[in-house]
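Asker: Sharing a structure, written as structure tokens. Questions coming.
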Amino acid sequence: MVSSRSCLFFFLLFYFAVCQAVETGRSDKVVVADIVSMDLIPNANSKELFAGGYRGVLGKIVLAGKVAEFKRISAPLDMDILVIRSLSDDEALIGTAKGEIYRLRNDQLERVALLSEFNEPILDMAVKGDDVWAVGPRGLVANSKDKGASWNVIEIDKVRKELVLGGTEATNWFFGVSNVDADSLVFNATVNGKKAIDDEDYYFNASEGSIEIVNPLDRGSDLRISFNYLPGPQFQAGDVSFNTVSFYAEKVLLAGEFGTVISFDEKTGWRSIYTELTNEESSMPYWMESNVKGQNIILVGAGGVASFSADAGETWVSHNLDNDNGIFDAVLTADSKLIVAGAVGTIAQHNKNQWKLADRSELGLIAWLKSIVSLGDGSYLVSGGRGSMVLFKNDLWQKITLTGAN
């Protein structure tokens, strides 16, 4: 028999639930699906974004105050959406975990292309007018000149790297890359007034990507060195995961495994724009995301690594997190501040050479955060696992409740 006290308890629960529904005027429920990727819809009257995630999660998010509404669009349950990019108010490109490109138009999906013969995922896309680039594992790079209607898979045959040795003493220098074309080496340093000789004054290890200076180089000697190489681990040229792609100036920037950061334009071809010259072989950063604003570039990745360039990649300054949480996304604000999001609910702002981490407990963040989108008014929306959503506005973080119609 149910006691009168229990009856009263359940009645009160029902009463408060009804009151809340009447107060909000909605029959929505909280969305707990993973939102992996978002992109702002241009020219929308409200703050509206395309959004996608695992297991057929696809739709539009409309932000209003501290609440965001998820309007679902039908998609196959086996479609894992990793990237979504807006093309217009009613059109977007989608990259899936199986290497497919889909076009979303008027809430209808159309499969456009399969870019990976190994069904490797599309990890990132960048759109600039009609020009679209997509990247992924196993050296996947593809380009479209017609907003994703047709695609050309690109094979990188060489990347040019230029650097300057850090001294003239007899020592080892590691270039941070492997698979060097020995015939492409240009090194004009001198020893006792004569051009240094390979296998006598120095040993050049092409497969490893290093040079051992045996005889000290002349003071004032030309310490510049340049060569062509192929991204990837030693003896596995081309087997590199490109995790992020961005436009900057008239170039395209790719970054990913093994500290790989390369740029491309029609005049100069592929060039390395990140250098970590060391005397000992070291593990290079695993870059996961990039963001560009003017000449400023930010790269972030596994283990909380972050590196910033204010001169289009000529020089870099480390801005690593104080912890080793992976960083999955980053944006540069209009005043060149840095906002990042990542593992275990990590969100932080970098300003005046220091990090300010948001209080995850206060915001109720228990899952990873993956996508940061500028809303065009100085505020930024962040999404992630289990429907996690946070707004950064006026230097403050506030939790956003993501709801969807029953």
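Asker: Please give the helix 4-24 orientation as an angle from the longest Cα principal axis of the chain, in degrees from 0 to 90, rounded to the nearest 10.
Answerer: Once rounded, one gets 70 degrees.
Asker: Among the listed pairs K158/K251; K267/K370; K128/K356; K158/K194; K71/K356; K60/K98, which are separated by more than 26 Å between their Cα atoms?
Answerer: Among K158/K251; K267/K370; K128/K356; K158/K194; K71/K356; K60/K98, the Cα-Cα distance tops 26 Å for K267/K370; K128/K356; K158/K194; K71/K356.
Asker: Next question. Give the percent of DSSP beta bridges with both residues in the chain that are antiparallel, rounded to the nearest 5.
Answerer: Working: 119 of 125 bridges.
The answer is about 95 percent antiparallel.
Asker: Expressed as a fraction of 2.2 N^0.38 Å, the rule-of-thumb size for a compact globular protein of N residues, what is the C-alpha radius of gyration of the range 33-190? Write down the numbers at each step before the final one.
Answerer: Values: Rg = 21.0 Å, N = 158, 2.2 N^0.38 = 15.1 Å.
Rg over 2.2 N^0.38 Å, computed on Cα atoms: 1.39.
Asker: To continue, here is another question. In whole Hz, what ³J(HN,Hα) sequence does the range 182-197 give by Karplus (6.51, -1.76, 1.60; θ = phi - 60°), x for Gly and Pro?
Answerer: Whole-Hz 3J(HN,Hα) from phi for the range 182-197: 4, 5, 8, 5, 10, 8, 10, 5, 10, 10, 6, x, 10, 4, 4, 10.
Asker: Can I ask one more? Output the peptides 296-304, 64-72 sorted from most to least packed, where packing is the average of other Cβ atoms within 10 Å over each peptide's residues. Don't skip to the answer; put the middle values down first.
Answerer: Working: 296-304: 22.4, 64-72: 15.8.
Per-residue mean Cβ counts within 10 Å order the peptides as 296-304, 64-72.
Asker: Here is a further query. List the residues, sorted by chain then number, that are 5 or more residues from V112 or on another chain and whose placed amide H is less than 5 Å from its amide H.
Answerer: The answer is I101, Y102, R103.
Asker: Quantify how much of the Cα-Cα distance distribution of the range 139-189 extends past 16 Å, in percent. Show your work: numbers first, answer last.
Answerer: On the way: 789 of 1275 pairs.
Cα-Cα pairs in the range 139-189 separated by more than 16 Å: 62 percent.
Asker: Could you give the distance between the Cα centres of the range 166-244 and the range 339-383, to the whole Å?
Answerer: One Cα centre to the other: 40 Å.
Asker: Continuing with this model, one more query. Across all directions of projection, what mean area in square nanometres is found for the Cα convex hull of the chain?
Answerer: On the way: hull surface 99.7 nm².
The number I arrive at for the chain is 24.9 nm².
Asker: What does the accessible area per residue of the chain come to in Å², with a 1.4 Å probe and no ligands, DNA or RNA counted? Could the numbers behind the result be given before it?
Answerer: Numbers: 19920 Å² over 406 residues.
It amounts to 49 Å² per residue over the chain.
Asker: Percent of alpha carbon pairs in the range 212-278 separated by more than 16 Å?
Answerer: Value for the range 212-278: 59 percent of Cα pairs lie more than 16 Å apart.
Asker: Show me the ranking of peptides 192-204, 267-279, 45-57 by mean Cβ neighbours inside 10 Å, starting with the highest. Working shown, then result.
Answerer: Details: 192-204: 13.1, 267-279: 16.4, 45-57: 20.3.
Packing order, densest peptide first, comes out as 45-57, 267-279, 192-204.
Asker: Could you tell me which residue out of I211, L338, F264 lies farthest along the dipole of the chain toward its positive end? Charges go on the beta carbon: Lys and Arg +1, Asp and Glu -1, centred on the Cα centre.
Answerer: The listed residue farthest towards the positive side: L338.
Asker: Taking the alpha-carbon centroid of each part, what is the distance from the range 305-319 to the range 49-127 in angstrom?
Answerer: Distance between centres, Cα-based: 31 Å.
The values are calculated or read from the model by the stated rules, or taken from the named source; none is laboratory data. Keep in mind it's a predicted model, so treat the numbers as computed, not measured. Neighbour counts are summed over all protein chains in view; Cβ atoms, including those assigned to glycine, are modelled from backbone coordinates with ideal geometry. Only protein heavy atoms, including side chains, enter the accessible area calculation; ligands, DNA and RNA are left aside. Shrake-Rupley method; radii C 1.70, N 1.55, O 1.52, S 1.80 Å.
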